[in-house]
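Here's the structure we're looking at; comments come further down.
What follows draws every value from the coordinates through simple rules; no lab data is involved. All of these numbers come straight from a predicted model, not from anything done at the bench. Every residue, glycine among them, receives a Cβ derived from its backbone with ideal geometry; neighbour counts consider all protein chains shown.
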Amino acid sequence: MVLKQVFLCALVVLSVSADHPLWRKLEGDLSEEPEVELLQEVNEAYRLPTVTVPTHYNLHLKTAIHQNNRQFQGTVEIFFNVLESTDTVTVHNRRLSIWKVTLYSVSGEVQTELESPEFSTDAETEHLAIKHSSVMEPGSYMVKLEFNGGLQDNNNQGFFASSYLDNDGKRHYLASSKFEPTHARSAFPCFDEPKLKATFTLSITHSKDYNAVANMPQDGALIPDVDDADYVTTKFQKSTKMSTYLLAFAVSNFRIRTSGYQTVYARPNVYEETEYPLQAGVDILNALSAYTGVEYTKYMPKMTQIAIPDRGSGAMENWGLVTYGEPVLLFNPAINSYRTKKNVDTIIAHEYAHQWFGNLVSPDWWSYIWLNEGFATVYEYLAAQLAYPETNYWDLWAVEVIHNAFSADARESVRPMTWNAATPSEIAGLFDTVAYDKSGSVLNMFRVAFQDDNWREGLVSYFNSRELDGAVADHLYEGIQFAVSGKDVLPKAFNVKDVMDSWTTVAGFPLLTVRRDYKTGEIVVSQERFYSDRQLPNDHVYHVPYNYATKSTPNFETLSFEWLSTKATKLTTTIPAEDWVIFNKQQTGYYRVNYDAKNWQLITDALQQNPSAVHVQNRAQLINDAYNLARAERLDLTVPLNLMTYLKQETSYPPWAAASSVLTYFNNKLRGTSQYQYFINYVTQLIQPIYSVHSVDSVPDTETTMEKYLKQTITTWACRVGLQDCITRTGNALRTAVAANTPVHPDIATVVYCYGLHQTGQTEFVWLYERLLASKNQAERAVLIDSLGCSQEKEFLKSFLMTSIGSGATFNFLETERTRIVSSVYSASRVGVDALLEFLSDGSLIDEFVSRLGQSTLNSAVSNIASRTNNVEELEQLEGLLNALGEKISANTATSARTTARNNMAWFNTLEGLVAEEFFGAYTQ
Ligand SMILES: [Zn+2]
């Protein structure tokens, strides 16, 4: 194997310049020669040779999945062009048994057999080299491969088997595919790289009692199998040109619901739950077609969504056949909550956004996966908001995406958005928080800074120039540059590439520090990379779009920008000394902001006087920034704790969502200690006013989606800190529900069931458990599992844990549900941790636990018990468990558990612990 440095971007810049003279012209004289970006070294031996490219696949597969037979047979004819003389064509193969290979030359419609060439697969690179006995000159060829493979066992990779139970308890099997990023090669030999696009003609032979679905519509009637009357073949129309990772198919006995060119497939016994996602699919695809200005049906004649049982809560955007885990597609208004609906709406929006960002234009290579996932993350929220404006889903953007991105991106070891990879596991590792939340945050910052109409114009230009092909970052920049030219939205003397590369090619994100001179009005704004736990010298300059509001000019709605394109700048202002200043209006920019102590005090005072003077997104930003700056030792911890006391007047969800993370941190540190009561007092004071206007046990018709989010957060805290009204009413609501054998409204079920169980007994626990066993809806089952974990009866919880390793018809849990039972128990309360400690310390159960749930579930349980260890008694319990487990866990797992627990207990001797202890102790208001 040879290690080579990759000058990928340099090559790309050259080709862009050659193809698009306009690009050079638009840059004018302002820009120097584009910098050569060096992607980091990877092992290039994993890449396919560039001397051959595929043009078309005829793929035929045969499966007997209806009998739970895991073997499948296939034949693929791969048409390819030889670009440079070679004797070898190399494709990918993972674990397929190839028993016959035939090579043809192709001239028009005529195929001439050349020979049955030698072939061999390298298990490491997964390269299948097919070697012709003489040189193939440039021209058209076809290689026909006949092979057998095994369906994978419900691992959501490649071509895999799943199953479900019908209403009579009979198990049915199905087979479906998920190829991104490198799993197509485990279903058929292929050129498995995203830029190597081709057309596909697929046919599948399957039981006549089953149906097959794929990217494209069926082509003609079912074809009876001449050899076996029990089988038929479904043939599909020739596909659009696309990447191998987007090919998809499923063979099942699912039932279909149709509206125009959209359909939803699901197992027959959840048919009623497909009505909502079908309608949402129609609404969201229309919204995206209108927004992008590129009609979906221009490239793909139909859209199918399919719900795969026990596939977790992920989804995959295959062109024309999007696959989902059931809890993020199926929706039953009688039993599913607003949160399930939000997940369905936004995940559909995410996957449908990929039909443009990823399917129509794919990344040239996985190093640019942010061109897929960053955009899909933005439109996950924006397209759902466009389709359903009344939900205000966009209000969740900063607290769910930006704040989450910050957490991962503040580590020193984090990667930049553009990052190379070669091996399948390196490529899989690129699908991380950087690819999704950080890239989404950065792209949305530029969408707003460049203005949405310019952005859309730029995207249309990008789609038009790269349709049905691959792209790199420069292609996107080119499109946007075209749209913003002459529009005064860029920093002077810089182009789109300069500005966006300063974010996409460098790890991390900046902290802006704002220092005011209260006499002159001058403000010095400086930037540096923010780390969660250290300060390091760094001379990188991000091009930061910024703006600010003040007490005298609180115009948070006007979003125009200046640019900080140097390490620091001095602003001359006439801002009065008594005014507060807040940077990054509505937190559209992907950066944190710190201020001098006086400005923080002015902001805190302003929030306490009148929260609505500050935009709701900035209220969330201030809490999240102040807390994280304090954790990074850049701000006194009393600043966020003081600032948060304004929450007594806060009636919107985003600031409460930001605050809830902060409160959770201190709750975890202080629970079980003598200081806990002071913290409880602090939280009680903050939540009481807002709790009193929301009903924990009923759902008014007028309640909005954001009010539901707010209510769930507030009532959870109210019950957690033991507010008597919350405890009494949830207990009564659960008792009433059980007596009437009628579930509570799904939007309050999470809180009522969890805290209701604190006040009730075995009857209620058993009622919820029986509802769990009876439910066919995975999202509802998740709520019920989490609720059962809330019980305060250790013996009930131990019985519940026992069901997670149970076998036989009584314990028909999905694999994902078994691990959820364990996490629900330790997450809910200390009683649950105690129950799990006793359960895992029982030597007679531990082998069954590991064989049923896996070593990783045991390791994770130990680590979660350790992180919930706060006092001497709990430490002794942990030691007891570690001793009981002995060699059932690794020395590393045990050591790391002890370190976590000791650090928790040492927290009170840290600056943060001491300040927090003093603050909560003194807080009496
Ligand atoms: Zn995605």
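Structure values in brief
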{"item": "For region 454-503, the spread of Cα positions along each principal axis, largest first, Å", "result": "35, 20, 12"}
{"item": "Intensity falloff of region 265-408 expressed as log10 I(q)/I(0), Debye formula with alpha-carbon point scatterers, at q = 0.18, 0.19, 0.21 Å⁻¹", "result": "-1.07, -1.19, -1.41"}
{"item": "Reachable lysines from Lys342, criterion Cα separation under 19 angstrom, eight or more residues apart if same chain", "result": "Lys708, Lys711"}
{"item": "Computed magnitude of the charge dipole of region 364-516 (debye, nearest 20; Cβ of K, R +1, Cβ of D, E -1)", "result": "580 debye"}
{"item": "Charge sum, other residues only, whose C-beta stays under 14 Å from Ala894's C-beta, Lys/Arg counted +1 and Asp/Glu -1", "result": "+1"}
{"item": "Net charge dipole size for the chain [Lys, Arg +1 and Asp, Glu -1 on Cβ; Debye, nearest 20]", "result": "1180 debye"}
{"item": "Electrostatic dipole magnitude of region 76-127 [Cβ: Lys, Arg +1; Asp, Glu -1; Cα centre; debye, to 20]", "result": "240 debye"}
{"item": "Positive minus negative residues near Val106 (Lys, Arg vs Asp, Glu; Cβ under 14 Å)", "result": "-3"}
{"item": "For q = 0.14 Å⁻¹, Debye-computed log10 I/I(0) when each Cα of region 554-635 counts as one equal scatterer", "result": "-0.51"}
{"item": "Centroid-to-centroid separation of region 875-916 and region 82-161 [C-alpha atoms, Å]", "result": "54 Å"}
{"item": "³J(HN,Hα), Karplus 6.51/-1.76/1.60, whole Hz, each residue of region 838-844, x for Gly, Pro", "result": "5, 4, 6, 7, 7, x, 6"}
{"item": "Separation in nanometres of the label points that stand 7 Å from Cα toward Cβ, at Ser413 and Leu559", "result": "3.5 nm"}
{"item": "Cα centroid of region 215-266 to Cα centroid of region 425-447, whole Å", "result": "33 Å"}
{"item": "Kirkwood hydrodynamic radius of region 290-365, Cα pairs, Å", "result": "13.3 Å"}
{"item": "Three principal axis lengths of region 69-116 [C-alpha, angstrom, descending]", "result": "40, 22, 16"}
{"item": "Helical contribution to [θ] at 222 nm, DSSP H n ≥ 4, -39,500 (n - 2.57), averaged over the chain, rounded to 500", "result": "-13000 deg cm²/dmol"}
{"item": "Value of relative contact order over region 41-114, rounded to a whole percent, pairs C-alpha under 8 Å and six or more apart", "result": "26 percent"}
{"item": "Ranked list, fewest to most other Cβ atoms within 10 Å of each Cβ, for His60, His183", "result": "His60, His183"}
{"item": "Overall Cα dimensions of region 550-692, principal axis frame, Å, largest first", "result": "51, 33, 26"}
{"item": "For region 615-663 versus region 583-607, the gap between their alpha-carbon centres in whole angstrom", "result": "10 Å"}
{"item": "Estimated D of the chain in µm² per second, where Rh is the Kirkwood radius over Cα pairs and Stokes-Einstein applies at 37 °C, 0.692 mPa s", "result": "109 µm²/s"}
{"item": "Proximal lysines relative to Lys241, as straight alpha-carbon distance under 23 Å, when same-chain residues fewer than 8 apart are discounted", "result": "Lys144, Lys178, Lys195, Lys197, Lys298, Lys302"}
{"item": "Region 823-913 - Rg (one decimal) and Dmax (whole number), Cα, Å", "result": "13.0, 44"}
{"item": "Proximal lysines to Lys519, defined as alpha-carbon separation beneath 23 angstrom and excluding residues fewer than eight positions away on the same chain", "result": "Lys551, Lys570, Lys598"}
{"item": "Exposure proxy ranking, count of Cβ atoms within 10 Å, fewest first, for Glu109, Glu912, Glu528, Glu193", "result": "Glu109, Glu912, Glu528, Glu193"}
{"item": "Bins of 10 Å, starting at 0 and running to the largest distance - Cα pair percent for region 682-776", "result": "16, 48, 29, 6, 0"}
{"item": "Exposure proxy order (Cβ contacts within 10 Å, fewest to most) of Arg95, Arg529", "result": "Arg95, Arg529"}
{"item": "Using a Förster distance of 60 Å, the FRET efficiency for Arg456-Leu222 (Cβ separation, nearest 0.05)", "result": "0.90"}
{"item": "Relative contact order %, the chain, counting alpha carbon pairs below 8 Å whose residues are six or more apart", "result": "7 percent"}
{"item": "Square roots of five times the Cα gyration tensor eigenvalues for region 780-880, Å", "result": "21, 15, 12"}
{"item": "Charge dipole of the chain about the Cα centre (unit charges at C-beta), most positive-ward option of Val541, Gln218, Ala659", "result": "Ala659"}
{"item": "Cα Rg over Rh - region 91-131, Kirkwood", "result": "1.07"}
{"item": "Kirkwood Rh and Cα Rg combined as Rg/Rh, region 145-276", "result": "0.96"}
{"item": "Residue (of Phe160, Asn148, Ser116) at the positive-pole extreme of region 86-178, dipole from beta-carbon charges", "result": "Phe160"}
{"item": "Dipole of the chain, positive end: most advanced residue of Ala507, Ser787, Ser841 [Cβ charges, Cα centre]", "result": "Ser787"}
{"item": "Proximal charge balance of Gly722 [Cβ under 14 Å; K/R count +1, D/E count -1]", "result": "+3"}
